[in-house]
Amino acid sequence: MPVYNKLVRDRIPEIIQHSGKNCTTEILDDKKYITELKKKLLEEMDEYQNAPSDEEALEELADLLELMHALAKIHGASIDEVEKIRASKAEKRGGFDEKIFLIEVED
């Protein structure tokens, strides 16, 4: 029997049961939940970085965005509030559209 020990999407146990299999789960407390969200974020980031196509990269970005929603919520905010912070930072410091790569700064 495979052992996963990882955070999964809410409907995964239901999907497993509909396939005729059984699974064991637990509901995490907030401290463990944040730890597991961070692990999942790293896992999905790695999958994004190794995506061989634009289509697969977009799938992984969607997973990262889902994690951003969960992380915002656990930190007492909404993704809309995170978006406002992002927009404010972009207005003050710019985005990444111009592809600028800083080499060095003279003292």
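Some points to look at:
- Residue-by-residue Karplus 3J(HN,Hα) for the range 94-106, coefficients 6.51, -1.76, 1.60, Hz, glycine and proline x: x, x, 10, 5, 8, 6, 6, 10, 7, 8, 7, 10, 6
- Scaling against 2.2 N^0.38 Å puts the C-alpha radius of gyration of the chain at 1.41.
- 3J(HN,Hα) along the range 20-27: x, 10, 10, 9, 10, 9, 9, 8 Hz, from the Karplus curve 6.51 cos²θ - 1.76 cosθ + 1.60 with θ = phi - 60°, whole Hz, x for Gly and Pro.
- Carbon and sulfur %, accessible surface of the chain computed with the full protein complex present, 1.4 Å: 53
- Per residue accessible area in Å² of the range 37-107, where ligands, DNA and RNA are left out and the probe is 1.4 Å: 90
- Across the range 25-87, Cα pairs under 8 Å and at least six residues apart give a relative contact order of 28 percent.
- Listed by chain and number, the lysines whose alpha-carbon sits under 20 Å from that of Lys32, ignoring those within fewer than 8 places in the same chain, are Lys6, Lys40, Lys73.
- Rel. contact order, % - alpha carbon contacts under 8 angstrom, at least six apart, the chain: 17
- Distance in nm between pseudo-label sites at Ser53 and Ile79 (7 Å out along the Cβ direction from Cα): 2.4
The values are calculated or read from the model by the stated rules, or taken from the named source; none is laboratory data. Since the model is a prediction, treat every value here as computed from it, not as a measurement. So basically every Cβ, Gly included, is an ideal-geometry build from the backbone, and we count neighbours across all protein chains shown. In case anyone asks, the SASA skips ligands and DNA or RNA and just uses the protein heavy atoms, side chains included. Shrake-Rupley method; radii C 1.70, N 1.55, O 1.52, S 1.80 Å.
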